[in-house]
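What follows is a set of notes on a single structure, which appears directly below.
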Amino acid sequence: MSKYKKAALHITFWFALIILWHLLSLVYEPEILPGPIYTLQGGYELFMDGTLLQYIGISSYRVLLGWTLGSLLAIPVGITIGKVNAIRLFAEPFLNFIRFIPPIAFITLFLVWFGIGETSKIMLILYATFFIVTLNTLTGVLSVEEDKIRSARSMGASEWQIVLHVIVPATVPYMFTGIRLAMGTSFMAIIGAEMIASNEGVGYLIWNSRLFFRTDWIFVGLLCLGLMGFLTDRIVGLIGRKLLSRYGVVSSNALRR
């Protein structure tokens, strides 16, 4: 399929979705289900007073900072757990236990431990990112073929050289997949945190709009979240495809059927 046909299909799909949204909105009052035009007017209102861009910037900053810190911490931890059997014996059961506890469940504790400022929100996102990236990295390390490690040892490579030149390159696709998956979880975590303990951000906008029964603002917040996540994922995928293609990293939007 050519890129023009693919673009035409995408445009047709979104146009049909907007038409369906508009038709459904005619059945209900705007306060229940605002249509595209009503939502656009609400977004314009928020944009003109500066609220929308400010909230998008604040939420994006929190997500990117927590996600970056979590990923940077998780990668060496995952490699260490995967490489050292003694550590993996104790760490793996703990990881498989705590990964089933969603980040939102820790919001109250994080507010108690880190206060209601930025630290608690960033730590929540770090938590949401850390275990996903760690588990993916660990899986990558364990999937490295033993023959490659034995070949490196037979040529006199030290354990550090094996990690650096055999394990890490083979694990890069797993790391990158974990990083992209963690981005989605980070957005879920920040929205929960901003709804409960924040006076700024897209999550606060969505939660606070209920007080004024402004469902159009709620829709604006939801659309902004989707757009923020979509753009961030595409940028990360593009960077991965450009910089890490030699390690087997392929962005999903680069695949051709």
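The values are calculated or read from the model by the stated rules, or taken from the named source; none is laboratory data. Because the structure is predicted, anything quoted here is derived from the model rather than measured. Virtual Cβ from ideal backbone geometry, glycine too; neighbours counted across all protein chains shown. Keep in mind that these areas ignore ligands, DNA and RNA; they rest on the heavy atoms of the full protein, side chains included. Shrake-Rupley method; radii C 1.70, N 1.55, O 1.52, S 1.80 Å.
Assorted remarks:
- Rounded FRET efficiency, nearest 0.05, which uses the C-beta distance separating Asp147 from Ala86 and R0 of 22 Å: 0.40
- Considering only Val133, Val163, Val77, the mean-square fluctuation computed in a Gaussian network model of the chain, springs between alpha carbons under 10 angstrom, is largest for Val163.
- Counted residue by residue at 0.36 nm each, then reduced by the alpha carbon distance between them, the extension gain from Ser154 to Arg234 reaches 24.6 nm.
- Arg214 - accessible surface, heavy atoms, 1.4 Å probe, Å² rounded to 10: 60 Å²
- Considering only Gly50, Gly221, Gly140, the Gaussian network model of the chain with Cα springs below 10 Å gives its largest mean-square fluctuation to Gly50.
- 5 Å-binned pair-distance histogram of the chain (Cα, whole percent): 1, 6, 10, 13, 13, 13, 13, 11, 8, 5, 3, 2, 1, 0, 0
- Derived scalar couplings between HN and Hα for segment 39-53 equal 5, 4, 5, x, x, 5, 4, 5, 5, 5, 8, x, 5, 4, 5 Hz in order, rounded to whole Hz, by the Karplus curve 6.51 cos²θ - 1.76 cosθ + 1.60 (θ = phi - 60°), x for Gly and Pro.
- Here the simple spin-label model places points 7 Å from the Cα toward Cβ, and for Arg99 and Leu9 these points are separated by 3.3 nm.
- Helix-only arithmetic for the chain: the sum of -39500 (n - 2.57) across DSSP H runs with n ≥ 4, divided by the residue total, places the mean residue ellipticity at 222 nm at -25500 deg cm²/dmol.
- In terms of distances greater than 26 angstrom between alpha carbons, the cross-link table entries Lys121/Lys242; Lys3/Lys242; Lys83/Lys242 yield Lys121/Lys242; Lys83/Lys242.
- For segment 217-227, 3J(HN,Hα) per residue [Karplus equation, 6.51 cos²θ - 1.76 cosθ + 1.60, θ = phi - 60°, Hz, x = Gly/Pro]: 5, 4, 5, 4, x, 5, 5, 5, 4, x, 5
- Counting heavy atoms of the protein chains alone, Ile104 has an accessible area of about 90 Å² for a 1.4 Å probe.
- Projected label points at Gln54 and Ile196, each 7 Å from Cα along the beta carbon direction, are separated by 2.5 nanometres.
- Accessible area of Lys83 in the full protein assembly, 1.4 Å probe (Å², nearest 10): 60 Å²
- Apportionment of accessible area to carbon and sulfur, segment 1-139, percent (1.4 Å): 76 percent
- Here the simple spin-label model places points 7 Å from the Cα toward Cβ, and for Leu164 and Trp21 these points are separated by 5.1 nm.
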